[in-house]
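Here the structure comes first, spelled out in structure tokens, and everything after it is commentary.
Throughout, read-outs are computed from the coordinates displayed, never taken from laboratory work. Quantities reported herein were computed from a predicted structural model and do not represent experimental measurements. Heads up, the Cβs are rebuilt from the backbone with ideal geometry, glycines too, and the neighbour counts pull from every protein chain shown.
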Amino acid sequence: MSSAGFSRFLRRLMWIIPILALEFSYFPIKQIVRGGIAPALWLDAYIPLWPVWGVPYLLVFGWWTFGYFWATLCLNDENFREFALSGLIIFSLTAATFILFPTYVNRPELTGVGFDWDLMRFIYGNDSVYNALPSLHISTTMWMTLHFVRQMPRKAWLFWGIFGIVVLSTLFTRQHYLLDVAAGGLLAWISLPLARWINRLILPGRQAAPSRAALR
């Protein structure tokens, strides 16, 4: 890596660090919030607990790690700035929502035996019931999916497929309600145009670089 490339990498880390700090605020917040509501709909009562979905629920952390590295190392400056700004929007609004409007899930009792049930006990034992809405699993995955699809539209089926699996994993593990999923997806969706608008304010007269599809 050249000195210029290393300097650019360090500058990008200055964006990534506060994004991660906001995202990881999930953990201390869930330890201090109390009260609140369980944002369940009547439809949520018909969603079964399917413990095997704990596997993709946990594997998504590796997908996020890949997404962070990909954005930091592969995006051009303007697209990376939009990636970072949208992340800051998502996680700052999420942290504020968790604190000001606490939400939680009512989890089912785990009565089964086997690897999948033990996996669910691990998930439940290491995650409190708070910070339900919006779902960070959904908002983070949607955030990265939108940027993956923008840069690699021919692989959109793969990225949206992964997103769909994550959605199902949050529901079938009973870690989230339908409203949590909808709120997380909506928050990530609106973050992108907001990030573009802020990016134009930062650098007036410039527009984000086109996606790869636009260059073909």
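Gain on full extension, evaluated as 0.36 nm per residue between Arg107 and Tyr46 minus their Cα-Cα distance, stands at 20.6 nm. Return the whole-Å distance between the Cα centroid of segment 158-185 and the Cα centroid of segment 25-56. Comparing the Cα centres of segment 158-185 and segment 25-56, I get a distance of 11 Å. Computed packing ranks the peptides 86-98, 36-48, 112-124 as 86-98, 112-124, 36-48, most packed first, by mean other Cβ atoms within 10 Å.
Can you give the log10 of the normalised intensity I(q)/I(0) at q = 0.08, 0.12, 0.18, 0.19 Å⁻¹, computed with Debye over equal Cα scatterers of the chain? The Cα Debye sum returns log10 ratios of -0.31, -0.67, -1.33, -1.43. Using C-alpha pairs under 8 Å with a sequence gap of at least 6, the mean separation divided by the residue count of the chain gives a relative contact order of 32 percent.
Helices that extend 20 Å or more along their long axis by alpha-carbon positions and average at least -0.5 on the Kyte-Doolittle scale are, among the DSSP H runs of the chain, 3-24, 54-74, 77-100, 136-151, 156-172, 178-202. Computed from the C-beta positions of Leu58 and Arg11, the FRET efficiency with R₀ = 35 Å rounds to 0.65.
Building the convex hull from the alpha-carbon atoms of segment 131-191 and averaging its projection over directions returns 3.7 nm².
In units of the compact-protein estimate 2.2 N^0.38 Å, segment 50-111 shows a Cα radius of gyration of 1.56.
Counting only Cα atoms, the size of segment 10-86 along its three principal axes is 46, 30, 19 Å, in decreasing order.
Sorting 186-193, 140-147 by average packing, meaning the other beta carbons within 10 Å per residue, from highest down gives 140-147, 186-193.
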